[in-house]
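The values are calculated or read from the model by the stated rules, or taken from the named source; none is laboratory data. Worth saying up front: this structure is predicted, and the values here are computed from it rather than measured. Virtual Cβ from ideal backbone geometry, glycine too; neighbours counted across all protein chains shown.
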Amino acid sequence: MQTILGANGQIGRELALSLKRDYTSHIRLVSRRPQKVNESDELVQADLLDAQQTSDAVKGSEIVYLTAGLPMDTQLWIEQWPVLMSNVIAACQTHNAKLVYFDNTYMYPQTRTPQAEDAPFVPNGGKGKVRAQITTMLLDAMQRGSINAVICRAPEFYGPGKTQSITNSTVIDALSAGKPAKVFVRDDVKRSLIFTPDASRAMALIGNTPDAYGQTWHLPCDDNRLTYRQFVELAAGIFNVQPKYRVLKRWQLWLAGKFNPTVRDAAELLPRYQTDNIFVSDKFKRRFPDFAVTTFTQGLNIIRDERQ
């Protein structure tokens, strides 16, 4: 049995498809309101903030994927992420299950220095600090040998379906609706973006590769990094719309944050939009040279075809 904790998001959904296609028909989807992705999926309703429910959801699993997310609320993250991670680690230890943790880059320095797996944790705000805390919690358990786990880390998403990201909501959704896109801070610095189906395929591959455990892996993205100006132009051409956009300056976002809690809670990430954001996934590409990374052109065409 391979179990996905937090299975309702786009990453969990794509992961369920990848596991069924390439690895196993024995898939358990766990969330507060789980829904089938594959006809053969087993559904388990559980609150991962409850230790017993988490343990019951993990029982009988060989591999557990933690893809859960929380709303963009800093205080909620501070209160709930450590509890959730502690419950998942304990459940995997109790039931001798392997853990595959889907991580982000919030704890990394928001500078132009390229980010490899050994990048230091230098968080810029509350969400970054708690992500550093829970990742360190897992790393410590791995180093003690109390859990067999692997960390899969990804930069910002873009993708099909219900992918939730800044790029999807401010650029892709706007352009596909024939509206001007919005770009944060600058349009002339390079962005690292990962296509959500690639992230899930890569995580399924790592989870089913025994010698990948005990490490951190950067999941693969297109190395032909684009500026937002280039990304808007490419997307507009594929969606057959005008490449219209406007750049939102930091003061404008600060002002918007006075009225919009989501914008306010994204403020700690703004420094990464002021400079090149270079996420390096060379380690993965050396280990898995046959993995086909989706190019920006391919990914945007997939999104266009889905929305037509």
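For the reader, a short list of remarks on this structure follows.
- Checking each residue in the range 97-138 for being in a helix (DSSP H, G or I) and farther than 18 Å from MET203 by Cβ picks out GLY126, LYS127, GLY128, LYS129, VAL130, ALA132, GLN133, THR136, MET137.
- Candidates CYS221, CYS152 - the one that is surrounded by 22 or more Cβ atoms within 10 Å (Cβ to Cβ) and over 25 Å from ASP305 (Cβ atoms): CYS152
- Selected residue (only one of ASP47, ASP41 is touching a residue at least 12 places away in the same chain (Cβ under 8 Å), among the charged types (D, E, K, R) and touching a helix residue (DSSP H, G or I) at 6+ places or on another chain (Cβ under 6 Å)): ASP47
- In this entry, ARG131 is excluded by the filter for residues that are among the basic types (Lys, Arg), out of contact with any Lys or Arg (no Cβ under 6 Å at 6 or more places or on another chain) and in contact (Cβ under 8 Å) with a residue 60 or more places away in the chain.
- Qualifying residue in the range 231-253 (condition: over 21 Å from the mean Cα position of the chain (by Cα), at pLDDT 95 or above and within 30 Å of GLY125 (Cα to Cα)): yes
- Within the range 16-62, the set of residues being among the acidic types (Asp, Glu), outside any loop (DSSP other than H, G, I, E, B) and modelled with pLDDT of 95 or more comprises GLU42, ASP56.
- Of the listed requirements (1) touching a Leu at 6+ places or on another chain (Cβ under 7 Å); (2) part of a loop (DSSP other than H, G, I, E, B); (3) within 30 Å of LEU300 (Cβ to Cβ), ILE147 misses just one: (3).
- Being modelled with pLDDT of 95 or more, under 25 Å from THR163 (Cβ atoms) and not in a helix (DSSP H, G or I) is a property that does not hold for LEU70.
- Some residue of the range 112-123 being more than 20 Å from ARG250 (Cβ to Cβ) and outside the structural domain of ALA57 (by TED's automatic domain parsing): no
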